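Have a look at the structure below before the remarks.
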Amino acid sequence: MAVLITPATALRESFVEALGEYHAEGLPFYARVDERLLRDREGFAAYVRSVVLDALPGGWRPTFAVAQTTLWWVEGRRFVGRLSIRHELNDWLRSTGGHIGYDVRPSERRRGHATAMLADALPVAHALGIDRALVTCDHDNVGSRKVIEANGGIADAPTAEKLRYWVPTAPG
């Protein structure tokens with residue numbers, strides 16, 4: 001059974017394997033992560049620290065970025081996916097990125113992971129003060145649209161780039 005966890009250095013080998021899968025697909029988020037750096041224990045530990053520290057208010061981050069909590073979806077010691085909860089919305093996130101972004105490594109897709117991962121993240125978002133989370137997906141991403149709708153997503157006005165949904169974070 002998979003669970004959401006705080007990123008952990010113990011998953012380095014599995015994370016690097018997943019990163020290879022993402023790089024093969026050319027996914028933009030993971031394409032920016034230098035796989036060679038992460039093969040080194042110290043480099044990976046620094047990467048994990050930076051991801052965890054990104055949840056803290058203030059601190060250094062680019063002017064366009066907001067604090068975000070990143071969680072990893074894991075089965076045992078296998079990295080299955082990643083989910084980020086942005087603590088607030090700036091203009092770009094409001095139109096395109098949303099509060100929550102997620103992805104599942106290619107070899108683990110179409111097994112219900114994304115639906116379960118988003119469901120497990122909603123209480124975390126609520127604890128961060130987000131009463132309803134904006135979650136977006138590409139117009140042609142039928143799988144992600146189904147994930148969002150399965151978690152109670154209510155369609156909002158789309159943009160040229162994205163479908164937009166508001167998902168309640170509190171139960172019932």
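Per-structure values
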read-out	value
Sites GLU17 and LEU89, calculated FRET efficiency, Cβ-Cβ separation with R0 30 Å, nearest 0.05	0.35
Charge dipole (debye, nearest 20) of the range 48-172; +1 at Cβ of Lys and Arg, -1 at Cβ of Asp and Glu	380
Those residues of the range 68-84 whose amide nitrogen sits under 20 Å from the label point placed on ARG110, 7 Å along Cα→Cβ	80-82
Chymotrypsin sites (Phe, Trp or Tyr not before Pro) restricted to the range 37-137 and DSSP loop, no more than 14 other C-beta within 10 Å	TRP60, PHE64
Range in the chain, longest, excluding exposed GluC sites (Glu not before Pro) [loop by DSSP; at most 15 other beta-carbon atoms within 10 Å]	1-87
Sorted by Cβ density within 10 Å, fewest first, the residues THR63, THR70	THR63, THR70
From phi via Karplus (6.51, -1.76, 1.60), per-residue ³J(HN,Hα) for the range 101-107 in Hz, x at Gly/Pro	x, 8, 7, 10, 4, x, 6
Cα→Cβ-extended label distance, 7 Å offset, between ALA65 and GLU161, nm	1.7
Cα point-scatterer Debye curve for the range 1-105, base-10 log of I(q)/I(0) at q = 0.17, 0.21 Å⁻¹	-0.83, -1.24
Value of [θ]222 nm, deg cm²/dmol, for the chain, DSSP H segments ≥ 4, -39500 (n - 2.57) each, nearest 500	-10000 deg cm²/dmol
Qualifying trypsin sites (Lys or Arg not before Pro) in the range 1-103, DSSP loop, other Cβ atoms within 10 Å at most 15	ARG32, ARG39, ARG77
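Just so you know, all these numbers are worked out from the coordinates, no wet-lab data involved. Since we're looking at a predicted model, the values are computed, not measured. Cβ sites come from the backbone with ideal geometry, for glycine too, and all protein chains shown count toward neighbours.
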